[in-house]
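K.L.:
There's a structure below that I have some questions on.
Any read-out appearing in this document is the output of simple, stated calculations on the displayed coordinates, not a laboratory observation. These numbers come from a predicted model, not from an experiment. Because the Cβ atoms are built from the backbone with ideal geometry, glycine has one as well, and the counts that use them run over all protein chains shown.
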Amino acid sequence: MIMAERIHLYDTTLRDGAQTQGVDFSVSDKIAIARDLDALGIDYVEGGWPGANPTDDAFFADPPDLANARFTAFGMTRRPGRSAANDPGLAGLIGAKCDAVCMVGKTWDFHVDVALNIPREENLELIAESIALIRERKGEALFDAEHFFDGYKANPDYALSCLTAAYAAGARWIVLCDTNGGSLPDEVERIVRAVAESIPGGNLGIHTHNDTENAVANSLAAVRAGARMIQGTLNGLGERCGNANLVSLIPTLMLKMGFETGITADGLRRLTQVSRGLDERLNRAPNRHAPYVGESAFAHKGGLHVSAVEKDPTSYEHVDPARLGNRRTIVVSDQAGRSNLLARFREIGIEIDARDERIGDLVDLVKRREYDGYAYDGAEASFELLARRALGEVPEFFRLQSFRVIDERRWNAKDELVTLSEATIKLDVGSQSLMTVAEGNGPVNALDIALRKALLPAYPLLEGLRLVDYKVRILTPNDGTKAVTRVMIESTDGHGERWSTVGVSANVIDASYNALHDSISYRLFRAGGATAHDRR
Ligand SMILES: CC(=O)SCCNC(=O)CCNC(=O)[C@H](O)C(C)(C)COP(=O)(O)OP(=O)(O)OC[C@H]1O[C@@H](n2cnc3c(N)ncnc32)[C@H](O)[C@@H]1OP(=O)(O)O
Ligand SMILES: CC(=O)C(=O)O
């Protein structure tokens with residue numbers, strides 16, 4: 001049996017990822033992320049730079065126990081004018097509780113001249129002495145060759161002599177860094193091949209940045225040329241435009257290029273969860289379009305696509321989403337055909353004969369409503385109601401007679417400027433006519449409160465219903481303040497269930513009411529809805 005070649009995965013989310021503008025990990029974030037990476041099967045988890053800030057000091061003073069990964073500290077070669085043994089930076093690395101140390105060193109003559117401002121020979125001493133000391137005191141030293149590709153293009157002999165100094169001093173991995181992120185895949189492949197020939201036996205790694213949107217492609221080019229370690233981050237976090245995205249690289253290496261990594265098939269199925277878990281921690285919306293793990297990565301919208309996917313998913317899927325822990329979704333919109341509707345019906349549990357003529361009517365209705373501004377591909381609950389109403393399955397839980405909303409902006413008794421809204425709503429629930437009034441901090445909030453106040457006695461299960469997201473989009477911007485607006489609402493029942501609804505109107509309050517009406521109707525319908533208002 002031919003054994004697959006092994007790629008070693010080195011994660012720098014907690015160090016280069018922490019250099020992302022707007023990202024600020026706490027110690028507990030770092031602990032949780034390190035554990036996720038370890039459970040995934042990453043070989044090296046770089047925890048940060050001990051000595052650089054109190055968070056990293058605290059993290060390295062009491063690091064998490066990792067079952068598989070080598071917990072790694074990052075730092076730089078010694079400062080000029082000091083011995084390695086007397087360098088405070090190296091002392092911090094030696095004192096850190098870790099299994100390995102990765103040190104960045106200069107390899108571009110321009111940087112040695114300008115940033116360090118020392119003779120080029122001296123930089124070779126910085127590298128060799130620092131690597132040798134770390135190797136002796138910590139067991140494993142890795143060398144991040146900063147600006148290697150720019151350095152090689154400017155002065156190949158000098159750039160290579162820096163690598164040779166690190167290798168001869170005992171660096172286990174020599175990692176070639178595209179620090180400014182400006183290299184292209186053909187250059188990376190050519191240069192890595194040349195290095196592999198110049199330093200035979202050296203374990204080469206690659207560390208790329210995404211400044212030309214080529215960090216993943218550059219990492220793969222380096223692997224083609226012989227690199228066997230990839231440094232990258234979860235979701236491509238990192239300085240400026242980010243680092244190579246390990247979440248994209250891992251499945252490509254394993255499922256397409258046939259490499260072995262420390263990640264098992266079970267680990268791979270955790271990838272979607274790990275990627276989205278990081279976004280959750282950072283309070284960011286996950287990228288729907290992220291390859292392999294995004295919500296849209298296996299979402300089929302075009303009618304032709306869905307028709308074929310229904311027959312065999314491999315017709316429009318390059319890998320099985322289940323292998324990444326992701327799932328297939330079928331989207332209904334104005335790009336849909338009968339197949340989209342039938343697939344969605346199956347997903348939501350509607351049983352209908354594929355030849356039923358109401359399906360064609362519903363396709364036409366969806367297309368007309370999308371033309372008017374509705375967007376059902378982001379409002380699954382509104383689509384389900386539309387479909388079930390067309391099939392006569394949704395009762396009228398309440399009927400609006402009228403609503404009125406008043407906004408008031410005034411100075412209060414404390415001489416502060418306040419804006420308050422008041423909504424009055426009249427509606428029928430069964431044979432009862434009701435009227436309620438409520439105040440809110442804005443017109444939609446007041447309307448929402450008034451609506452629920454009226455409905456709660458008849459439908460107590462609405463108690464936990466909350467709006468978690470509210471988005472307004474102007475659909476006809478050229479109409480100025482007369483523009484048609486689309487409101488998308490995301491609601492929760494307070495027990496983890498979430499659903500999205502949509503409303504469209506030239507009046508933003510009216511559009512909001514439509515979306516609220518669908519949100520409440522959907523909640524009542526899902527609670528068993530086909531019977532009337534007295535459900536509790
Ligand atoms: C390519 C990369 O992403 S490498 C990682 C970059 N990440 C970070 O910088 C985040 C953590 N850094 C820090 O907290 C701080 O920069 C520290 C604690 C490391 C150093 O802080 P300071 O001592 O205040 O120095 P400062 O950051 O202003 O400048 C860096 C110094 O290191 C020197 N230096 C840079 N690279 C190296 C190197 N490989 N070897 C030795 N010295 C170096 C610079 O020449 C500069 O020296 P100077 O002050 O004599 O001009
Ligand atoms: C080491 C590193 O982060 C870089 O060169 O980009």
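K.L.:
Is the shape of the stretch 158-201 rounded, prolate or oblate, going by the alpha carbon gyration tensor and its root eigenvalues a ≥ b ≥ c, with a/c under 1.5 for rounded and a/b larger than b/c for prolate?
P.N.:
Taking the square roots of the gyration eigenvalues as a ≥ b ≥ c, the stretch 158-201 is prolate.
K.L.:
Would you please put 414-421, 164-171, 225-232, 49-56 in order of how densely packed they are, using the mean number of other Cβ atoms within 10 angstrom per residue and starting with the highest?
P.N.:
The peptides rank, most packed first, as 225-232, 164-171, 49-56, 414-421.
K.L.:
Given all pairs of different Cα atoms, what value in angstroms does the Kirkwood hydrodynamic radius of the stretch 399-526 take?
P.N.:
Hydrodynamic radius (Kirkwood, Cα pairs) of the stretch 399-526 is 15.6 Å.
K.L.:
Let me ask another. For the chain, what's the relative contact order in percent, using C-alpha pairs closer than 8 Å and at least 6 residues apart?
P.N.:
It comes to 9 percent, rounded to a whole number.
K.L.:
Compute the Cα gyration tensor for the stretch 252-310, then decide on rounded, prolate or oblate, letting a ≥ b ≥ c be the square roots of its eigenvalues: rounded whenever a/c is under 1.5, prolate when a/b is larger than b/c in the other cases, and oblate in all that remain.
P.N.:
oblate
K.L.:
Once both labels are modelled 7 Å past Cα along the beta-carbon direction, what's the residue 507-residue 399 spacing in nm?
P.N.:
It is 2.0 nm.
K.L.:
On C-alpha positions alone, give me the angle between the axis of helix 508-526 and the longest principal axis of the chain, in degrees, nearest 10.
P.N.:
The answer is roughly 90 degrees.
K.L.:
R0 = 30 Å: FRET efficiency of residue 308 with residue 498, Cβ-based, nearest 0.05?
P.N.:
It comes out at approximately 0.50.
K.L.:
Another question, if that's okay. Taking just the alpha-carbon atoms of the stretch 457-524, what radius of gyration and Dmax come out, in angstrom?
P.N.:
Answer for the stretch 457-524, Rg first and Dmax second: 13.4, 44 Å.
K.L.:
Explain nothing, just compute: Karplus ³J(HN,Hα) = 6.51 cos²θ - 1.76 cosθ + 1.60, θ = phi - 60°, for every residue of the stretch 50-57 in order, whole Hz, x for Gly and Pro.
P.N.:
Result, rounded to whole Hz: x, x, 8, 7, x, 4, 5, 4.
K.L.:
So which of 367/471; 256/471; 97/256 end up more than 30 Å apart, counting from Cα to Cα?
P.N.:
Table pairs above 30 Å Cα-Cα are 256/471; 97/256.
K.L.:
I've got another one for you. For the stretch 441-536, state which GluC sites (Glu not before Pro) are in a DSSP loop and have at most 14 other beta carbons lying within 10 Å of their beta carbon.
P.N.:
Here the GluC sites (Glu not before Pro) that fit, given the DSSP loop and packing criteria, are 497.
K.L.:
Same structure again: Compute the Cα gyration tensor for the stretch 8-281, then decide on rounded, prolate or oblate, letting a ≥ b ≥ c be the square roots of its eigenvalues: rounded whenever a/c is under 1.5, prolate when a/b is larger than b/c in the other cases, and oblate in all that remain.
P.N.:
Cα axes put the stretch 8-281 in the oblate bin.
K.L.:
How large is the helix-only mean residue ellipticity at 222 nm for the chain, computed as the sum of -39500 (n - 2.57) over DSSP H runs with n ≥ 4, divided by its residue count, in deg cm²/dmol to the nearest 500?
P.N.:
-11000 deg cm²/dmol
K.L.:
Suppose R0 equals 51 Å; then what is the FRET efficiency for residue 241 and residue 428 from their Cβ-Cβ distance, rounded to the nearest 0.05?
P.N.:
Result of the calculation: an efficiency of 0.35.
K.L.:
At 25 °C and 0.890 mPa s, grab the translational diffusion coefficient of the chain from Stokes-Einstein with a Kirkwood Rh over Cα pairs, rounded to a whole number in µm² per second.
P.N.:
91
K.L.:
Now for a separate question. So for the pair residue 357, residue 417, with labels modelled 7 Å out along Cα→Cβ, what separation do we get in nm?
P.N.:
Modelled inter-label distance: 6.1 nm.
K.L.:
What nm distance separates the two modelled labels at residue 5 and residue 113, each placed 7 Å from Cα along Cα→Cβ?
P.N.:
Here the answer is 3.6 nm between the modelled labels.
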